1. Taking 21 Å as the cut-off for C-alpha to C-alpha distance, list the pairs among K118/K149; K15/K117; K39/K79; K15/K118; K15/K79 that go past it.
2. Using a 7 Å offset from the Cα along the Cα-to-Cβ direction at both E66 and V161, what is the distance between the two label points in nm, to one decimal?
3. Separation between the E144 and K118 pseudo-spin-labels, each 7 Å from Cα along Cα→Cβ, expressed in nm?
4. What length, rounded to one decimal in nm, is gained on full extension from S32 through to S94, with 0.36 nm per residue of separation minus their alpha-carbon distance?
5. Quick check: pseudo-label points 7 Å beyond the Cα along Cα→Cβ at N86 and A13, how many nm apart are they?
Amino acid sequence: MALGEIPCYRVIAMKTIVAAVDFSDSTAGVLSHASTLAKTFGAALHIVHAIEDQPAYTAYGFTPDEFPAVQVFQEELRKRATTRLNELLASVSSEVADATIHLVDGNPLTAIIDYAKKLAADLVVVGGHGHGAMSSLLLGTVAEGLVRKSVLPTLVIPAPVKE
């Protein structure tokens, strides 16, 4: 930039924001930040939760019919997740005109990335660590995976510090 030139900054317009929630302690922060950004930019807010696939018992030669309890459990997970998502939607509906909920199936990291890509999301907001240090140490977190693997901008909101 030459002396005396006025700097020209690129304006980023956010039209679609995905808030990935896991119903942990970090969910409130994720939703607060995502809804504030959606309201500020007039963006659509998609509140999404991923449900893990059914156990891979088929690898051992079993069929779903041999484990009806697993199907009942998965149905209950979907029912409870939908209830929680509706509660979250109700909490932001007065602030964000275009807010929706979505339940996706599969590995949370992959399902969230795929969903956000399908929407061509401008931002993904996710909680930093919702299920404890041991889980993060052993398994990694969805937030870490999003930061490493997603091609979309990702905002990580830390979970509240417990004192």
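The numbers here are math on the coordinates, done by the rules we state, and not lab data. This one's a predicted model, so the numbers in the text were calculated from it and none came from an experiment. Methodologically, a virtual Cβ is constructed for each residue, glycine included, from the backbone with ideal geometry; neighbour enumeration extends over all protein chains shown.
1. Exceeds cut-off: K39/K79; K15/K79.
2. 5.1
3. According to this spin-label approximation, the distance is 2.7 nm.
4. Using 0.36 nm per residue and subtracting the Cα-Cα distance, I get 21.0 nm.
5. Distance between the two pseudo-spin positions: 3.5 nm.
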